Each structure stands twice: as structure tokens, then as C-alpha cells.
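Step one of this worksheet: look at the structure below.
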Amino acid sequence: MQDKKKEPWDQYGAYLHLDKILDAQRPWSNEAGKPAHDEMLFIIFHQVYELWFKQILFELDDVCARMSGKTLDDRDLLPVLKHLDRIVSIMRILVKQLDVLETMTNQDFTDFREYLKTASGFQSGQFRLIETRLGLRREDRLRVFHGQFDDNLCPASRKTIKETEQTPSLFDLVDRWLSRTPFIEKSGYKFWESYREAVYKILDERKKAANDNLDPEALKAELEAIDKNRKKFDGIFDPEEHKKGHWRMSWRALQAGLFITVYRNEPALQIPFRLLSLIMDIDELFALWRYRHALMTQRMVGFSMGTGGSAGYGYLMQTLEKHRIFTDLFGLSTYLIPQRALPPLPDEISGEMGYSYAKQR
Ligand code: HEM
């Protein structure tokens, strides 16, 4: 709200609370009487990150709220895309801006590292909340020496994370939304059956072409490759295999994810496809950030332990793989077949997925 008592030239500072923000950089090396020039950059850097984390959470909360209903209203799709897109743009900046911190040399960092005591990004409640909101589950996290990942967070952050764990994450909400995709089984059409037929048809054709054209040695290798491929597809088409838990995505969401991916040009699937792509962008950018942060850590402190008490570089590199959330969406690409082999959609289904004015033509 505008502060009427202030002079016009004070409004900018009042609106942004610059008195607080610009007074919040207090290098501990200064307080120890041994000022280290680069600590200012280090502090501002983390503060900027925390502000962006706040914005990411703000966008995520909105996306999750819009997706939490029994159905996702069509009119909510564009805001959902917009906010996910914004998260992607912020994430790109978060990765890129590490360039600035790397203008600090390892010796510069060493000059004030001891004054950080046990302070570490490890204790960033907002970072942990983003991970949880996106869908990183407690049981999937790497175990570190001090037990649970949130043991070293402040009580308020711990409480928020516990509460967030009780609500559906973005992963859960996307899964539910995908599971509701109406077109994969409709009016006698069953996407899964038609896709399975197309897959085995193309494998049979490949086998025939190999038998007709290859010499015995090449034929043996090709038949083995085809057999391997067939087994891979047998796995995805078998509901019993799915129950074994290789996928985090539900059985129906997995089918819908593939359906949207292969028929993405259908008008009704263009926005869903975009949504899935943005989620993959977020997952990929998170992994990129983790990788760059790990490399930067190694550059600054080699193989020393972190100030937060983890193994440092080794721990961070492990999170790169272990803390991915939407890997199943990437895994779907294992099961794509060439466009020419895709079964055309029945007219009725395809007609329903067009824009209505196109149908009237
Ligand atoms: C010289 C620069 C930096 C170094 C050497 C460094 C080092 C480390 C280390 C060793 C860890 C592992 C935990 C520990 O034992 O302390 C860690 C975790 C973390 N750091 Fe940094 N860091 C740096 C800059 C940053 C910046 C700018 C941010 C931005 C907020 C950040 C955010 C984090 C986060 C969120 C974690 C937790 C990662 C996880 O557990 O998955 N760090 N850092």
C-alpha cells in the first residue's frame, strides 16, 4: 500500500523495503575484523537465489492450486503454462548466474570460508520446499550423516515441509491429470491396443527386411537387436510388469503421456504436450543447476567436506541422478516408434480433438 506520509522520492524505497534489503549484507569476515572482499558477492548471490526461490514457490503454489480440482478447467491451462514457463525462465537464470560467482577464485573463497561456520545451502528451507512441492519424496532422498534431510532446517521450515508432504505434489497432480485424458479409451478405440499392434508390426517388418537382405552374420546381430527391442516393449505393455514398480507414473498416466507425445499435433493435445515439455524443462534445468553447482563446489573446495557437513562434491553429484523427479516422462522416449508407423486416429477421435470452427468447415 502507498505510504502517504513519505515524500514522492521515498516511495520507491518504501515500496521495495530497500531499507531492510540493502541493510542485510553483513559479511562475517568484517565482523571478525578480517574483511574478505568477495564475501559481499557470496552473500548477495545467496540472497538473490532465495528471492528467486520465493518466486518459484509462488508460481508452483498457483499451478498446484489450479491443478488440484477434480478436473482441470480449460481456462486454467494457459495460466498453468504461463507460470511453468516463468519457472523455466527463472531456472535458466539460476544456472547461468553461477558464472558471476565463479569470478571468485578458490583462494578468494578460502579467505572467508572459515567465517561461514556451519552455514550451508543445505539449510535452505525454500530449496527443500521446492523439491518437495515438485514431488521429491522423503524416501527417495539420499541419506546424509545427520539422518533426515530436514533435521537441520529451522522448525518453521520443517513444519511447512511436513505439511506440504501431506498435499499432492506437482508430480501427483500431473499424474492425476494425465490419468483423466479422455481420448485414450473412447467409443471402442483403445490407444494402448492400437499402439501395441503398430509396435509389433514394425518389429515384424524389420525382421522380414533383415531376413531378406542381410548376410548370416549381420542377420544374427540384427535379430538379436530386434529381440531385445521386443522384450523392452513387452515390458511396457504388460500391466503385471508395471505393478513391479519400475515406473513412478501410474499405468494410465503412462499411456496418456505416450499418447500426448505421439499425437501432439492434434489441436486438443498441443497444450498438454507443451505442459509436459515445460515440466521436463524444469526437471532438466534442476539437474543442470545441481551439476554446475557441484562443479563449482569442486572448483572452490576440491574434495573437502561441505560446511553443512556432507561429503561435499561427491554428495552433490549423487543428488544429480537420485533427486530427479520426472524421469518417467523422459523414459517415455524409450518407447517411441517412427511417425510413419503410427496408427492413424479414428475419424471420430481425431474430429473431437479439432477446434470446433475447423469441424464446421
Ligand atoms: C562458493 C560457492 C559454493 C560452495 C563451495 C558451495 C558448496 C556446497 C556444498 C559442499 C554443499 C553440500 C552440503 C554441505 O555439506 O554443505 C552445498 C549444498 C547446497 N548449496 Fe551450495 N555452495 C556454493 C554456493 C551456493 C549458492 C550460490 C547457492 C544458492 C542458493 C547454493 C545452494 C545450495 C543448496 C540449495 C544446497 C543443497 C543441495 C542439496 O542438498 O541437494 N550454494 N553447497
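Give the shape of the stretch 52-100 as rounded, prolate or oblate, defined through the alpha-carbon gyration tensor: a ≥ b ≥ c are the square roots of its eigenvalues, a/c under 1.5 means rounded, and otherwise the shape is prolate if a/b is larger than b/c and oblate if not. Note, shape of the stretch 52-100 comes out prolate. With helices as the sole contributors, the chain gives -20000 deg cm²/dmol at 222 nm; each DSSP H run of n ≥ 4 counts as -39500 (n - 2.57), and the sum is divided by every residue.
Full extension of the chain between Phe303 and Asp172 yields a length gain of 43.5 nm, computed as 0.36 nm times the residue separation minus the alpha carbon distance.
Looking at this model, which pairs from Lys207/Lys244; Lys54/Lys159; Lys207/Lys232; Lys162/Lys232; Lys208/Lys228; Lys201/Lys228 are more than 27 angstrom apart at the alpha-carbon?
Over 27 Å apart, Cα to Cα: Lys207/Lys244; Lys162/Lys232.
By the count of other C-beta atoms within 10 Å, a proxy for reagent exposure, Phe237, Phe171 are ordered fewest to most as Phe237, Phe171. Say we join alpha carbon atoms closer than 10 Å with springs in a Gaussian network model of the chain; which of Gly13, Gly235, Gly33 then has the biggest fluctuation? It is Gly13.
Seen through its C-alpha gyration tensor, with square-root eigenvalues sorted a ≥ b ≥ c, the stretch 160-233 comes out oblate because a/c lies at 1.5 or above while a/b is not bigger than b/c.
Please list, or write none, the aspartates and glutamates whose alpha carbon is within less than 12 Å of the alpha carbon of Lys220, excluding same-chain residues fewer than 8 places away. Answer for Lys220, where 12 Å is the Cα cut-off: none of the aspartates and glutamates qualify. Net charge of the neighbourhood of Leu84, taken over other residues with C-beta under 15 Å away and scored Lys/Arg +1, Asp/Glu -1, is -2.
Given a Förster radius of 51 Å and the C-beta distance between Asp19 and Leu214 as r, what FRET efficiency does 1/(1 + (r/R0)^6) yield to the nearest 0.05? Provide the component values of the computation, followed by the final result.
Details: r = 77 Å, r/R0 = 1.51.
E(calc), rounded to 0.05, equals 0.10.
Measuring between their Cα centroids, the stretch 297-361 and the stretch 75-121 lie 21 Å from each other.
Rounded to two decimals, the Cα radius of gyration of the stretch 268-316 over 2.2 N^0.38 Å is 1.69. When all alpha carbon pairs of the chain are counted in 20 Å bins from zero, the resulting P(r) reads 23, 46, 26, 6, 0 %. From least to most packed, judged by other beta carbons within 10 angstrom and beginning with the fewest, Val144, Val48 follow the order Val48, Val144.
Each of the peptides 15-26, 324-335 was scored by the mean count of other Cβ atoms within 10 Å over its residues; in descending order, highest first, they stand as 324-335, 15-26.
Highest mean packing first, where packing is the average number of other Cβ atoms within 10 Å per residue, the peptides 208-219, 303-314 line up as 303-314, 208-219.
Give me Rg/Rg_expected for the stretch 288-327, where Rg uses Cα atoms only and Rg_expected = 2.2 N^0.38 Å with N residues. Please report the intermediate quantities before stating the final value.
Working: Rg = 10.2 Å, N = 40, 2.2 N^0.38 = 8.9 Å.
This ratio for the stretch 288-327 stands at 1.14.
Calculated FRET efficiency, Tyr355 to Lys201, Cβ-Cβ distance, R0 = 35 Å: about 0.65 to the nearest 0.05. Result for the chain in a Gaussian network model with C-alpha springs under 10 Å: among Thr105, Thr132, Thr164, the largest mean-square fluctuation is at Thr105.
For the stretch 1-159, just say rounded, prolate or oblate: build the C-alpha gyration tensor, square-root its eigenvalues into a ≥ b ≥ c, call rounded for a/c under 1.5, and beyond that prolate if a/b exceeds b/c, oblate if not. The shape class here is oblate.
Rule-based calculations on the coordinates, nothing more; no lab input. Predicted model, so just to flag it, every value in this text is computed and none were measured. Note: ideal-geometry Cβ built from the backbone for every residue, glycine included; neighbour counts use all protein chains shown.
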